Each structure stands twice: as structure tokens, then as C-alpha cells.
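Following: one structure in C-alpha cells, then a few remarks.
The values are calculated or read from the model by the stated rules, or taken from the named source; none is laboratory data. Since the model is a prediction, treat every value here as computed from it, not as a measurement. Note that we place each Cβ from the backbone using ideal geometry, even for glycine, and neighbour counts take in every protein chain shown.
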Amino acid sequence: MRLAVYCDGGVVVTTPLGVNQNIIDKFVADKKQWLSDKINFFKSADSKSIRTFSQEDYSNNKDEALKLVIDRIRTFNRKFKFSYNSMSIKNQKTRWGSCSKNKNLKFNYKIIFLPKKQQDYIIAHELCHLKEFNHSRKFWSLVEKVMPDYLEIKKELRNHELSYK
């Protein structure tokens with residue numbers, strides 16, 4: 001299950017088909033404090049500091065994002081030598097990147113607006129899924145080999161997730 005709060009105050013719960021309403025209600029209730037914190041953050045945020053993006057932004061920036069990601073994948077893959085089937089740039093609302101079981105990599109075009117360390121973390125994270133398709137200890141150990149300060153970067157990235165829609 002997934003819970004998202006958007007800068008307009010909207011709250012969305014995403015669940016697999018057929019999940020019992022009682023389970024959904026408990027999930028939301030367990031996240032009550034987190035929900036309150038996020039809603040209050042957006043209420044108190046200066047609306048000028050929250051950037052929103054349009055389809056035109058995507059069209060204007062996807063090629064630059066593609067070049068960035070291809071370059072960084074080449075750099076990281078000098079060490080990893082991981083193979084993947086395809087790589088694409090998308091306009092995703094809730095994810096910076098993803099890796100499918102079919103070894104297809106997808107990255108959010110908004111990655112180009114992040115600091116370099118955060119860009120590298122996202123790209124390295126998805127590449128590591130090519131070897132460890134989970135978030136196990138082995139996976140995080142692999143990420144740490146490339147980015148020893150990944151925990152700090154991951155924490156900083158959460159702040160950007162709040163301001164990018």
C-alpha cells in the first residue's frame with residue numbers, strides 16, 4: 001500500500017485490488033502523525049518554494065535528463081558491468097526511478113533539477129537493483145560500496161520529494 005500527500009493538500013491511498021477496507025483504514029490510522037506532518041508542511045510552505053511541473057517542462061527537459069542518466073550509467077557501469085534491457089525517461093509523479101524484473105530502468109526527468117550527489121544516488125540505487133532486486137542487506141551493502149554516504153543523501157532527497165510534484 002502507498003500513501004501520498006500532494007502540495008495542494010490532496011491525500012491518495014493506493015492499494016492492490018481486493019484489499020479489505022479495514023486493512024486500509026488501519027494503514028491510514030497508523031500513518032496519522034505522518035499525514036498530519038505532511039499536510040502541515042504544505043500549509044506552512046511558501047507556495048513560491050514549491051515548484052510544479054507541466055507537460056511542457058517534461059518535453060523541454062527529457063532529452064537533457066536522458067543524456068545525464070546515460071552518462072552516469074556509463075560511469076557507474078565501469079565498476080558494476082551490469083546489463084539492462086532498456087532505459088527510459090518518464091514524467092512520474094511519485095518516483096525518481098525504478099527497475100523492473102525485466103531489467104528495464106526508468107528515471108524521472110526531474111532528476112536534472114537535483115544536486116549531483118542525489119542524481120548519482122538515484123541512478124546507483126536503480127543499477128544495484130539489477131543485481132539485487134529487493135531492499136535486502138545485500139542490496140544496501142552494494143549501494144554503500146558505490147556511495148558510502150548514501151544514508152545522508154537518501155535523507156536529503158526526501159526533502160526534495162516534498163517540493164517536486
**Request:** Collect the residues in segment 1-25 that are at pLDDT below 90, among the small types (Gly, Ala, Ser) and in a loop (DSSP other than H, G, I, E, B), keeping them in residue-number order.
**Result:** GLY9, GLY10
**helices (runs of 4 or more DSSP H) lying entirely in segment 31-147 (those with 1 or more residues that are under 16 Å from the mean Cα position of the chain (by Cα))** = 55-80, 116-128, 137-146
**Prompt:** Filter segment 44-70 for residues that are hydroxyl-bearing (Ser, Thr, Tyr) and exposed (fewer than 11 other Cβ atoms within 10 Å of the Cβ); which is modelled with the highest pLDDT?
**Reply:** SER44
**Item:** Residue check, PHE42 in the same structural domain as LEU157 (by TED's automatic domain parsing) and touching an Asp or Glu at 6+ places or on another chain (Cβ under 9 Å)
**Value:** no
**Prompt:** What number of residues in segment 112-123 are buried (at least 22 other Cβ atoms within 10 Å of the Cβ) and over 14 Å from GLU156 (Cβ atoms)?
**Reply:** 1
**Prompt:** Failed condition for ILE89, given (1) surrounded by fewer than 18 Cβ atoms within 10 Å (Cβ to Cβ); (2) at pLDDT 95 or above, with all others met?
**Reply:** (1)
**Asked** Here are ILE123, ILE111, ILE89: which of them is of a type in the set (A, V, I, L, M) and without any contact (Cβ under 8 Å) to a residue 40 or more places away in the chain?
**Response** ILE89
